[in-house]
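Student: Before anything else, here's the structure in question.
The values are calculated or read from the model by the stated rules, or taken from the named source; none is laboratory data. Because the structure is a prediction, the values reported are computed rather than measured. We place every Cβ from the backbone using ideal geometry, glycine too, and count neighbours over all the protein chains shown.
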2 protein chains.
Amino acid sequence: MQTRMAYLNETHDPALQSWVDSANIPDNGFPIQNLPFGVFRPAASAQAFRPGVAIGDRALDLAALARARPWPGAAGEALAACQADRLNGLMALGPDHWSALRLQLSRALRGGSPMRQALEPLLHDQAGLEFALPAHIGDYTDFYISLHHATAVGRQFRPDNPLLPNYKWVPIGYHGRASSIGVTGQKFPRPVGQTRPASEGGEPGFGPCERLDYELELGIFVGQGNPQGERIAITGAESHVFGLCILNDWSARDLQAWEYQPLGPFLAKNFASTISPWVVTLEALAPFRTAFQRNAGDPQPLPYLDSPDNQAAGAFDIGLEVLLSTQRSRAAKLEPALLSSSNFRHAYWTAAQLVAHHTVNGCNLQAGDLLGTGTLSGPDQGQEGSLLELNQGGKKPVALPWGEERFFLQDHDEVILRARCSKPGYPTISLGVCAGTVLPARL
Amino acid sequence: MQTRMAYLNETHDPALQSWVDSANIPDNGFPIQNLPFGVFRPAASAQAFRPGVAIGDRALDLAALARARPWPGAAGEALAACQADRLNGLMALGPDHWSALRLQLSRALRGGSPMRQALEPLLHDQAGLEFALPAHIGDYTDFYISLHHATAVGRQFRPDNPLLPNYKWVPIGYHGRASSIGVTGQKFPRPVGQTRPASEGGEPGFGPCERLDYELELGIFVGQGNPQGERIAITGAESHVFGLCILNDWSARDLQAWEYQPLGPFLAKNFASTISPWVVTLEALAPFRTAFQRNAGDPQPLPYLDSPDNQAAGAFDIGLEVLLSTQRSRAAKLEPALLSSSNFRHAYWTAAQLVAHHTVNGCNLQAGDLLGTGTLSGPDQGQEGSLLELNQGGKKPVALPWGEERFFLQDHDEVILRARCSKPGYPTISLGVCAGTVLPARL
């Protein structure tokens, strides 16, 4: 616990309250202990996007605050980096700067702060904002760190060999498509492509995807990168992580089944990926650190993937939810249906291990790179992170409370992913919402 | 042939000569019929990188020329886009602009041009230049379009199943790493990573790669992109291709064999990739168009991958060579050894088909994206595009003329890829050189 406590500081005091009233409402999710970063502008405006921080149901314009130069030193340098339309500059500065800025923001937004008068005009209602991607994403890597997902999906693709021999040793990952990543609210046409021939040796099918799925993931934004050729050691790996968001790795299962061998998924994934707009820093998540879980019989990670800190507190207790609304449910003004709930703590590898693995061969990460965790299914029923798992490989439809059922996503379905950290005696820390909608295919 | 001739215009007249004398030397490779685009600055300077065009052994500074605004219309707009440190702006303008600029450059650099006096001060010796990546590469995709390579490598990884059933239908591709792509002259440490356990169920190996290889590829730079959700039809696909370069997709075979299932290569590839500095436009390559080859019994491509133009002239006759120099050969001042020769015309898919396939699901390409062809092995012995093929899966070393032999690359080995188009009665069109050197691993 000593290791774990070392991450905590005055910004984590559960008694802190903000002069922004909505931040103090229980379970608001954006209390003064959170302070996630994003990029926004007033909706339906032609104004420039600018970095901001969420507080309650409002968002503070950091670009405007930066022009007032309220702070010297590292906090001031970090704030100055927020005078751009993306967070890459702030991300590249590293954890001392992030922490210094977070501390000043915490003090400025606390009840009784003398800065209240200066800051109030810089607040926007979140409901009136349009969000952009928090960073220019140079490269996007998607991992596969849920043993439960890998086993469940592996069983469908390779019934006799669900979990491959490398899984428990290698944090399996592959490169994804950066250009098609969008922020919550993304709408995209159902992808079109080739599917497996009806009979062996026959002509493949071609048309709109019939097995369109979501994947419940978290995204890890890289802060400071590493020079090409120099690895990041596991002991310092977390200092290269700026923060976490929610990620939906939309997947066309029928395209994937036909195209994925031998080089992995391609068109099955690269038509769209959606992330939540707010990036929650590792510092904000520190009270929810937890021990890195392994089951009896699982191998000890190789030394480059192992450290006492990682074992003691490298995982995070982040609750995850998948909800679905359909054209019919929205017409009837019904609440979205909860499809499943999971938790990031079930993952087989930690964020630090992903960074160490990604760079062990000298691959250079850059500020703003995005690492997806892979689908975060849990061990139990009701914790499936994709329809492919919920429907048991297309065998059993998912019943929706308003009478519809789904094997896979239909046109106009909206998938809503949520993530939040909760524990007694501490304000709820939300990662916000990642929503996206399927439009009809364009033929 | 009517289709093919439609690509040709006055810039292709084989009788054209330049007032830059070296451009007229037979087999120089950068005659006035070529005019490839790149980005450079004087070596060992702190000057800004700027776009330029190669002519003979010199390079014309297009940023400086742009300041003089010599041309109105599309050529002028294209030239104005060259006032940046990358070619993305020019690439995004599209083929009418590229063609207009090329025509004006061809006229300005021809013998007798009244612009000679104005242009001479803007020429640099190529030997004194440092090159940068021609474009900011937003996303890098690597394909696998040599049937011969896929079969040869497939035989080693899956002896009973070398060519998977999807190969002749799907242009197989996967996403690669953009951040680690460098330009010719790139040096990188030997990658380190996990390798397959010595015995089944045992602990994996960990250490420097022992099976480091090159892959002989071409790179395709995307020009104008497409909006997300809208596909690019095969009939117009080539208008989205700015040009071609040479690409070495360095590969760590032992890392790859252990990590690649089920999601494809990752650390085995993403430590470094090297490209040549000059991008040769499709217009410059037009005289070397050739019919798209299929063998009897190969299926007709699906309609979205098929067009009369693609069948008649969608392939290119581009000769390719792999050469190797070693620490020992350089010390003895010996010429690099030729390891193999191949040709782009042996590929199973064309550039147009790759663009159409990549976007059929709505994936958005962007100006400056790079598509690798995959290893361009030919059908015959001596046409292998990688050491893995030359050494028959590690069984037979490659003998070098100075007495060394190689299964895989050793530290300080330099791999030199060359590409050029030749035919009687037409000047040789070179794609230049793509060289890279392996440094010792950093442990």
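Student: Hey, does segment A:78-89 have a residue that's out of contact with any Gly (no Cβ under 8 Å at 6 or more places or on another chain) and within 28 Å of A:A15 (Cβ to Cβ)?
Tutor: Yes, that holds for at least one residue.
Student: Hey, another quick one. Can you tell me which of A:R253, A:R231, A:R211 is in contact with a helix residue (DSSP H, G or I) (Cβ under 8 Å, 6 or more places away or on another chain), within 18 Å of A:D142 (Cβ to Cβ), surrounded by 19 or more Cβ atoms within 10 Å (Cβ to Cβ) and of a type in the set (K, R)?
Tutor: On the way: A:R231 fails: within 18 Å of A:D142 (Cβ to Cβ); A:R211 fails: within 18 Å of A:D142 (Cβ to Cβ).
Checking each option against the conditions leaves just A:R253.
So that you can scan it fast, the table gives a plain yes or no per residue for (1) more than 10 Å from chain A (Cβ to nearest Cβ); (2) hydroxyl-bearing (S, T, Y); (3) out of contact with any strand residue (DSSP E or B) (no Cβ under 6 Å at 6 or more places or on another chain):
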residue	(1), (2), (3)
B:A127	yes, no, yes
B:Y140	no, yes, no
B:F143	no, no, no
B:T151	yes, yes, yes
B:G154	no, no, yes
B:R158	no, no, yes
B:V192	no, no, no
B:R211	yes, no, yes
B:E217	yes, no, no
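Student: Pull up segment A:102-115, narrow it to residues that are hydrophobic (A, V, I, L, M, F, W, C) and assigned to a helix (DSSP H, G or I), then point me to the one that is surrounded by the fewest Cβ atoms within 10 Å (Cβ to Cβ).
Tutor: Top of the filtered list is A:L103.
The rows are residues; the columns are (1) in a strand (DSSP E or B); (2) farther than 26 Å from A:Q366 by Cα; (3) not assigned by TED's automatic domain parsing to the domain that holds A:W349.
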site: A:E77; (1), (2), (3): no, no, yes
site: A:A100; (1), (2), (3): no, no, yes
site: A:Q117; (1), (2), (3): no, yes, yes
site: A:Q156; (1), (2), (3): no, yes, no
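Student: Regarding segment B:366-377, can at least one residue be identified that is more than 15 Å from the chain's Cα centre (by Cα), touching a residue at least 24 places away in the same chain (Cβ under 8 Å) and under 30 Å from B:G225 (Cα atoms)?
Tutor: Yes, there is a match, as at least one residue in segment B:366-377 is more than 15 Å from the chain's Cα centre (by Cα), touching a residue at least 24 places away in the same chain (Cβ under 8 Å) and under 30 Å from B:G225 (Cα atoms).
For every residue, the table says whether it meets (1) of a type outside the set (D, E); (2) surrounded by fewer than 17 Cβ atoms within 10 Å (Cβ to Cβ); (3) assigned to a loop (DSSP other than H, G, I, E, B).
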{"position": "B:S199", "(1), (2), (3)": "yes, yes, yes"}
{"position": "B:G202", "(1), (2), (3)": "yes, yes, yes"}
{"position": "B:G207", "(1), (2), (3)": "yes, yes, no"}
{"position": "B:I220", "(1), (2), (3)": "yes, no, no"}
{"position": "B:Q224", "(1), (2), (3)": "yes, no, yes"}
{"position": "B:T235", "(1), (2), (3)": "yes, yes, no"}
{"position": "B:E238", "(1), (2), (3)": "no, no, no"}
{"position": "B:F242", "(1), (2), (3)": "yes, no, no"}
{"position": "B:I246", "(1), (2), (3)": "yes, no, no"}
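Student: Hey, among B:V241, B:V279, which residue is farther than 18 Å from B:V433 by Cβ, of a type in the set (A, V, I, L, M, F, W, C) and more than 11 Å from chain A (Cβ to nearest Cβ)?
Tutor: Testing whether each residue is farther than 18 Å from B:V433 by Cβ, of a type in the set (A, V, I, L, M, F, W, C) and more than 11 Å from chain A (Cβ to nearest Cβ) leaves just B:V241.
Student: Here is a follow-up. One residue is enough: does segment B:398-419 have a residue meeting the conditions among the polar types (S, T, N, Q) and not in a strand (DSSP E or B)? Give the derivation first.
Tutor: First pass over segment B:398-419, keeping only residues among the polar types (S, T, N, Q): B:410.
Applying the additional criterion that residues be not in a strand (DSSP E or B) yields B:410.
Yes - at least one qualifying residue is present in segment B:398-419.
Student: Moving to a separate point now. Name every residue in segment B:64-98 that is buried (at least 20 other Cβ atoms within 10 Å of the Cβ) and farther than 17 Å from B:G223 by Cβ, in order of residue number.
Tutor: If the condition is that a residue be buried (at least 20 other Cβ atoms within 10 Å of the Cβ) and farther than 17 Å from B:G223 by Cβ, then B:L65, B:A66, B:W71 are the ones that fit.
Every residue, every condition in (1) out of contact with any Ser or Thr (no Cβ under 8 Å at 6 or more places or on another chain); (2) within 7 Å of chain B (Cβ to nearest Cβ), yes or no:
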site: A:L147; (1), (2): yes, no
site: A:L163; (1), (2): no, no
site: A:N166; (1), (2): yes, yes
site: A:Y174; (1), (2): no, yes
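Student: While we're here: B:K168 fails exactly one of the following numbered conditions: (1) more than 30 Å from B:P299 (Cβ to Cβ); (2) assigned to a loop (DSSP other than H, G, I, E, B); (3) touching a residue at least 24 places away in the same chain (Cβ under 8 Å). What is the number of that condition?
Tutor: Answer for B:K168: the failing condition is (1).
Let's see how each residue does on (1) of a type in the set (D, E, K, R); (2) under 18 Å from A:V280 (Cβ atoms):
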| residue | (1), (2) |
| --- | --- |
| A:Y7 | no, yes |
| A:V20 | no, yes |
| A:P42 | no, no |
| A:P51 | no, yes |
| A:D57 | yes, yes |
| A:A63 | no, no |
| A:A80 | no, no |
| A:A84 | no, no |
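Student: List, please: which pairs have Cβ atoms under 6 Å, are six or more places apart or on different chains, and start with a residue in segment A:418-443 that is charged (D, E, K, R) and end with one that is part of a strand (DSSP E or B)?
Tutor: These pairs meet every condition: A:R418/A:E321; A:R418/A:V433; A:R420/A:G319; A:R420/A:T428; A:R420/A:S430; A:R442/A:P189.
Student: Scan B:A135, B:A178 and give me the residue that is of a type outside the set (S, T, N, Q), facing another protein chain (nearest Cβ under 8 Å), in a loop (DSSP other than H, G, I, E, B) and in contact (Cβ under 8 Å) with a residue 24 or more places away in the chain.
Tutor: That would be B:A178, the only listed residue that is of a type outside the set (S, T, N, Q), facing another protein chain (nearest Cβ under 8 Å), in a loop (DSSP other than H, G, I, E, B) and in contact (Cβ under 8 Å) with a residue 24 or more places away in the chain.
Student: All but one of (1) within 14 Å of another protein chain (Cβ to nearest Cβ); (2) surrounded by fewer than 22 Cβ atoms within 10 Å (Cβ to Cβ); (3) under 19 Å from B:E238 (Cα atoms) hold for B:L365, so report the exception by its number.
Tutor: Against the list (1) within 14 Å of another protein chain (Cβ to nearest Cβ); (2) surrounded by fewer than 22 Cβ atoms within 10 Å (Cβ to Cβ); (3) under 19 Å from B:E238 (Cα atoms), B:L365 comes up short only on (2).
Student: So which residues in segment A:262-282 are part of a loop (DSSP other than H, G, I, E, B) and small (G, A, S)?
Tutor: A:G264, A:A268, A:A272, A:S276
Student: Which of (1) in contact with a Lys or Arg (Cβ under 7 Å, 6 or more places away or on another chain); (2) away from chain B (no Cβ under 14 Å) does A:D298 not meet, given it meets every other one?
Tutor: (2)
Student: Scan segment A:316-357 residue by residue and report those that are crowded, with 24+ Cβ neighbours inside 10 Å, part of a strand (DSSP E or B) and of a type outside the set (S, T, N, Q).
Tutor: A:L320, A:V322
Student: Follow-up. Among the aliphatic types (A, V, I, L, M) and within 11 Å of another protein chain (Cβ to nearest Cβ): is that true of B:V355 in this structure? Even if it seems obvious, please write down each step before you answer.
Tutor: Details: among the aliphatic types (A, V, I, L, M): yes; within 11 Å of another protein chain (Cβ to nearest Cβ): no.
The answer is no for B:V355.
Student: Taking the options A:A272, A:A268, name whichever one is surrounded by 24 or more Cβ atoms within 10 Å (Cβ to Cβ), within 10 Å of chain B (Cβ to nearest Cβ) and over 30 Å from A:A59 (Cα atoms). It would help to see each step written out before you state the result.
Tutor: Working: A:A272 fails: over 30 Å from A:A59 (Cα atoms).
Exactly one residue qualifies, and that residue is A:A268.
Student: OK, next. Could you list all residues from segment B:79-98 that are out of contact with any Ser or Thr (no Cβ under 9 Å at 6 or more places or on another chain) and assigned to a loop (DSSP other than H, G, I, E, B)?
Tutor: B:A81, B:C82, B:Q83, B:A84, B:D85, B:R86, B:L87
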